[in-house]
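Every read-out reported here was derived from the displayed coordinates using simple, explicitly stated rules and does not represent laboratory data. Worth saying up front: this structure is predicted, and the values here are computed from it rather than measured. So basically every Cβ, Gly included, is an ideal-geometry build from the backbone, and we count neighbours across all protein chains shown.
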Amino acid sequence: MSSRTILLNWVYYHPVGHAIEAFKTAKGLWNANQNVEIHLLLNSRTPVELAEACDWIDHAYAVDLEECVLDRDNAACLRGVPTEWDFVVNDHRATCSPFQLSAPLRTFHDLAARRFQARLWKGGHHELSHVGAPAYQRNSAIRMRVRESAEAFVRTLKPAHVNIGVLLAGSSPEPIYPSIDWWRLAFSALQDELPDAHFFITGKSNADDRSSTIAFSGPAISGLTGASERIFNCYDIGIWNQLALLEWCDLLIAPHTGFAFLAPSVGTPWLAISGVRWPECYFNEVPFYCVLPECPQYPCWMEMKDVCRQRLAAQETVPCMGEELAGRVVDLIRGTRLLLSDDFSFDRAEALHQMRIDQMRFAPERFFRIA
């Protein structure tokens with residue numbers, strides 16, 4: 001019996017987290033359908049090669065948006081992609097997002113709507129409960145596979161009793177990440193609290209057109225790592241070595257960034273420095289802890305305070321990721337201790353997170369999960 005084919009069109013913005021969304025969606029389709037092949041379309045600027053770490057994905061295609069704008073149906077990146085499938089499943093944001101897509105994304109999705117056809121069913125991810133759609137298992141956990149060469153890399157690192165990965169910032173050009181001064185304060189407190197821990201700062205310089213963690217300069221990072229023999233520089237080690245580093249570490253400390261989604265994808269807890277627009281929405285059945293801001297407007301993706309809009313427009317950090325952060329170091333330590341304890345399960349983490357959201361009276365409609 002031949003396999004049925006599913007094309008999952010998840011071409012969206014390039015941060016790594018959107019690729020993780022696609023991998024999780026593909027796993028939900030793979031879990032729920034017998035004898036099926038999952039083929040995936042991703043933005044070429046995201047690390048498409050990470051699909052190789054997902055045994056449930058048969059093939060991933062890199063879609064160059066600029067090529068599609070210039071050459072439309074003749075775009076070189078589309079030549080190897082069949083046009084007919086049993087099922088075509090599209091990222092729901094192509095038709096349902098409350099935010100306008102960029103012009104290149106809009107062009108591609110209009111092109112894809114014409115180009116890719118289905119023998120049995122075609123529709124959005126949000127329509128998978130409809131008659132004729134392929135079955136879908138919501139909240140399917142994934143486990144990405146680390147390359148052997150990358151496992152060899154982590155064996156070169158200097159381990160301690162506790163090993164903590166740290167991502168200082170994400171790829172947004174806006175000043176929405178903790179300052180280098182706050183990180184100095186955080187490292188000082190963490191080292192005092194955990195005398196048997198080593199810290200591994202990772203990230204990526206702006207060396208190509210993919211996501212990079214550009215909030216801090218090389219000298220600023222060297223200043224952090226040079227201040228202690230227990231803090232190590234793991235910048236620019238490559239995405240596969242970064243994946244292995246995250247799997248090897250006992251937890252990751254990071255603000256909201258798509259790269260942080262990789263940690264729970266390899267079974268490593270994420271301690272999130274929460275703030276600004278987006279809530280943490282991906283935990284993959286792995287324990288987590290969010291160091292929540294006190295601002296009642298959080299998460300402000302639906303409506304941001306005028307003063308915060310003005311500060312971001314002036315390239316100034318908003319309060320929840322600026323002057324208010326110093327008061328949250330105590331919560332950072334609490335979350336670290338919880339995640340390093342043997343009995344802090346995902347269920348306990350989820351219950352605690354919800355209780356804290358309720359206690360702080362955040363609006364529930366602003367929170368969502370990738371399912």
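Debye calculation, C-alpha points only, no solvent: report log10 I(q)/I(0) for the range 4-127 at q = 0.17, 0.21 Å⁻¹, in the same order as the q values. Here the Debye-derived log intensity ratios amount to -0.82, -1.31.
Excluding same-chain neighbours fewer than eight residues apart, the aspartates and glutamates reachable from residue 24 by a Cα-Cα span under 17 Å are 37, 49, 52, 55, 58, 91, 127, 280, 285. Among residues other than residue 71 whose Cβ falls under 15 Å from its Cβ, what is the net charge (Lys/Arg +1, Asp/Glu -1)? Neighbourhood net charge equals -1. Of the residues 355, 152, 227, the one whose Cα sits farthest towards the positive end of the charge dipole of the range 148-366 is 227 (charges of +1 on Lys and Arg Cβ, -1 on Asp and Glu Cβ, taken about the Cα centre). Within the range 242-306, all pairs of alpha-carbon atoms sorted by distance into 10 Å bins from zero give the percentages 24, 48, 21, 7, 0. Taking Lys and Arg as +1 and Asp and Glu as -1, the other residues whose beta-carbon sits under 10 Å from that of residue 141 total +2. In this simple spin-label model, placing a label point 7 Å from the Cα along the Cα-to-Cβ direction at both residue 185 and residue 363 gives a separation of 2.9 nm. Scaled against the 2.2 N^0.38 Å expected of a compact globular protein of N residues, the Cα radius of gyration of the range 36-83 reads 1.19. For the peptides 144-157, 326-339, the ranking by packing is 326-339, 144-157, with the highest mean count of neighbouring Cβ atoms within 10 Å listed first. Straight-line cross-link reach from residue 27 at under 22 Å between alpha-carbon atoms covers these lysines, not counting any fewer than eight positions away in the same chain: 122.
In the distance distribution for the chain, Cα-Cα pairs more than 34 Å apart total 29 percent.
Starting from the eigenvalues of the Cα gyration tensor, five times each then square-rooted, give me the equivalent ellipsoid semi-axes of the range 265-371, largest first, whole Å. Let's see the in-between values first.
Details: eigenvalues 129, 48, 31 Å².
Each semi-axis is √(5λ); the values are 25, 15, 12 Å.
Measuring r between the beta carbons of residue 346 and residue 217 and using R0 = 30 Å, the FRET efficiency lands at 0.20. Divide by every residue of the chain the summed helix terms, -39500 (n - 2.57) for each DSSP H run of at least 4, and state the resulting mean residue ellipticity at 222 nm, rounded to the nearest 500 deg cm²/dmol. After summing the helix terms and dividing by the residues of the chain, the value is -9500 deg cm²/dmol.
With one equal scatterer per alpha carbon and no solvent term, the Debye-computed log10 I(q)/I(0) for the range 148-366 at 0.12, 0.15, 0.18 1/Å reads -0.62, -0.99, -1.46.
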